[in-house]
Amino acid sequence: MQPIMSAGEIHGFLDKEFPQVHADGKVLTVLEVASGRLTMRFDPAERHLRPGDTISGPAMVMLADVAAYAVILAHIGPVALAVTTSLNINFLRKPKLVPLVCDCRILKLGKRLAVIDAVVTQEGQPGPVAQATATYSIPPRT
């Protein structure tokens, strides 16, 4: 399955249709779009920390959710009303205030449902810091 939107097109779509994603400042960047995949970078700031000097769970959930949405958009086109129906995340390691990278892989892309695997890593960590599975509902095409 080949993508039909580029990283630049995804950024433009998010800027126009989902500007709330930048309420915290522009901290998300699509690094790569490939067949069935997308990689997104999150540049956290101090406001994304929780006690213990670790990136907060809500910040990592946001990264996994937006990256999953972006990989779906990359493969179905600019469909604003694709929505998360479930997201399960496992926090595996304590990430420091260093950029995170989320690698998303499409597990299933049907007419009405998409399932995405999202693995969050951080330079200097021996393995993933988090892993999420996200399910999205895709609206019917008119």
Every residue from segment 22-73 that is over 18 Å from T121 (Cβ atoms) and among the small types (G, A, S) | A23, G25, S35, G36, A45, G52
Only one of A74, A67, A114 is over 21 Å from P128 (Cα atoms), modelled with pLDDT of 95 or more, in contact with a Phe, Trp or Tyr (Cβ under 9 Å, 6 or more places away or on another chain) and surrounded by 20 or more Cβ atoms within 10 Å (Cβ to Cβ), namely A114
Go through the residues of segment 89-110 one by one and say whether even a single one is under 24 Å from K16 (Cα atoms) and over 11 Å from the mean Cα position of the chain (by Cα).
-> no
Filtering segment 69-82 down to residues that are over 21 Å from R41 (Cα atoms) and touching a strand residue (DSSP E or B) at 6+ places or on another chain (Cβ under 6 Å) yields A82
Say whether the condition of being closer than 20 Å to F13 by Cα and among the hydrophobic types (A, V, I, L, M, F, W, C) is met by at least one residue in segment 96-103.
-> yes
Given the conditions (1) without any contact (Cβ under 8 Å) to a residue 12 or more places away in the chain; (2) over 18 Å from P3 (Cβ atoms), and given that A45 satisfies all but one, which numbered condition is not satisfied?
-> (1)
Tally of residues being in contact with a strand residue (DSSP E or B) (Cβ under 7 Å, 6 or more places away or on another chain) and surrounded by fewer than 18 Cβ atoms within 10 Å (Cβ to Cβ) across segment 102-111 = 3
Looking at segment 7-25, is at least one residue in a strand (DSSP E or B) and within 15 Å of the chain's Cα centre (by Cα)?
-> no
Checked A134, A118, A130 against criteria (touching a Ser or Thr at 6+ places or on another chain (Cβ under 7 Å) and of a type outside the set (F, W, Y)); the one match is A134
Quick one: V83 ticks every box in (1) buried (at least 16 other Cβ atoms within 10 Å of the Cβ); (2) within 14 Å of the chain's Cα centre (by Cα); (3) β-branched (V, I, T); (4) more than 18 Å from I55 (Cβ to Cβ) except a single one, so which number is it?
-> (1)
Which of the following residues is surrounded by fewer than 12 Cβ atoms within 10 Å (Cβ to Cβ) and in contact (Cβ under 8 Å) with a residue 12 or more places away in the chain: S35, S6?
-> S35
Could you give me the residue pairs with C-beta distances under 6 Å whose first residue belongs to segment 63-86 and is in contact (Cβ under 8 Å) with a residue 12 or more places away in the chain, whose second residue is of a type in the set (D, E, K, R) and surrounded by fewer than 17 Cβ atoms within 10 Å (Cβ to Cβ) wherever it lies, and which are 6+ apart or on separate chains?
-> A80/E17
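The values are calculated or read from the model by the stated rules, or taken from the named source; none is laboratory data. Every value quoted in this text rests on a predicted model; they were computed, and no experiment measured them. Reconstructed Cβ throughout: ideal geometry from the backbone, glycine too, with neighbour counts over all protein chains shown.
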